[in-house]
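This is the structure I want to talk about, given as structure tokens.
The values are calculated or read from the model by the stated rules, or taken from the named source; none is laboratory data. The shown structure was predicted, so the numbers you read here are calculated from the model rather than taken from an experiment. Counting neighbours? That spans all protein chains shown, and the Cβs are built from the backbone with ideal geometry, glycine included. Each accessible area value is taken on the protein alone, full model and side chains, heavy atoms only, with ligands, DNA and RNA left out. Shrake-Rupley method; radii C 1.70, N 1.55, O 1.52, S 1.80 Å.
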Amino acid sequence: MAASVGGSRLQSMLQAAVQSVQWTYSLFWQFCPQQMILVWGDGYYNGAIKTRKTVQPMEVSAEEASLQRSQQLRELYDSLSAGETNPPTRRPCAALSPEDLTESEWFYLMCVSFSFAPGVG
């Protein structure tokens, strides 16, 4: 399904799903045939943004802010998993830091690293 669903279309579907039930986030898992496991496909963070840093201008809609937050969380995961030794040089100055995250943001962020083998979980 992931191959047939474009990135922005998938984001729209995840956004609609999470907002229709008023959940904090929605996750899309996809099958990785090479490893025979389920892996992170994409996600949409819809939770309250309660960090010290605000990275969106005040005129941004709530939906745009949630989409930006989803992207920021993924970028933070990518930078952390790359094992950066000097994060400020690689991330924009307004980007998230691990100490800025709420518990729900941490869980969403860590889901990127999860995978599920058949019969596990």
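Conditions tested, residue by residue: (1) open to solvent by 70 Å² or more (accessible area, probe 1.4 Å); (2) among the charged types (D, E, K, R); (3) at pLDDT 75 or above.
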| site | (1), (2), (3) |
| --- | --- |
| Ala2 | no, no, no |
| Gln19 | no, no, yes |
| Thr54 | yes, no, no |
| Gly83 | no, no, no |
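Could you tell me which residue of the stretch 56-66 is modelled with the highest pLDDT, considering only residues that are assigned to a loop (DSSP other than H, G, I, E, B) and surrounded by 11 or more Cβ atoms within 10 Å (Cβ to Cβ)? First the steps, then the outcome.
Within the stretch 56-66, the subset assigned to a loop (DSSP other than H, G, I, E, B) is 56-61.
With the extra rule that they be surrounded by 11 or more Cβ atoms within 10 Å (Cβ to Cβ), the set shrinks to 56, 60.
On the way: Gln56: 47, Val60: 65.
Among them, the one singled out is Val60.
While we're here: For the structure I just gave you, tell me whether Val112 is modelled with pLDDT of 85 or more, touching a strand residue (DSSP E or B) at 6+ places or on another chain (Cβ under 9 Å), open to solvent by less than 30 Å² (accessible area, probe 1.4 Å) and hydrophobic (A, V, I, L, M, F, W, C).
On the way: modelled with pLDDT of 85 or more: yes; touching a strand residue (DSSP E or B) at 6+ places or on another chain (Cβ under 9 Å): yes; open to solvent by less than 30 Å² (accessible area, probe 1.4 Å): yes; hydrophobic (A, V, I, L, M, F, W, C): yes.
Against the criterion (modelled with pLDDT of 85 or more, touching a strand residue (DSSP E or B) at 6+ places or on another chain (Cβ under 9 Å), open to solvent by less than 30 Å² (accessible area, probe 1.4 Å) and hydrophobic (A, V, I, L, M, F, W, C)), Val112 qualifies.
For residues that are modelled with pLDDT under 85, more than 16 Å from the chain's Cα centre (by Cα) and surrounded by 17 or more Cβ atoms within 10 Å (Cβ to Cβ), tally how many sit in the stretch 23-52.
Looking only at that region, the number is 0.
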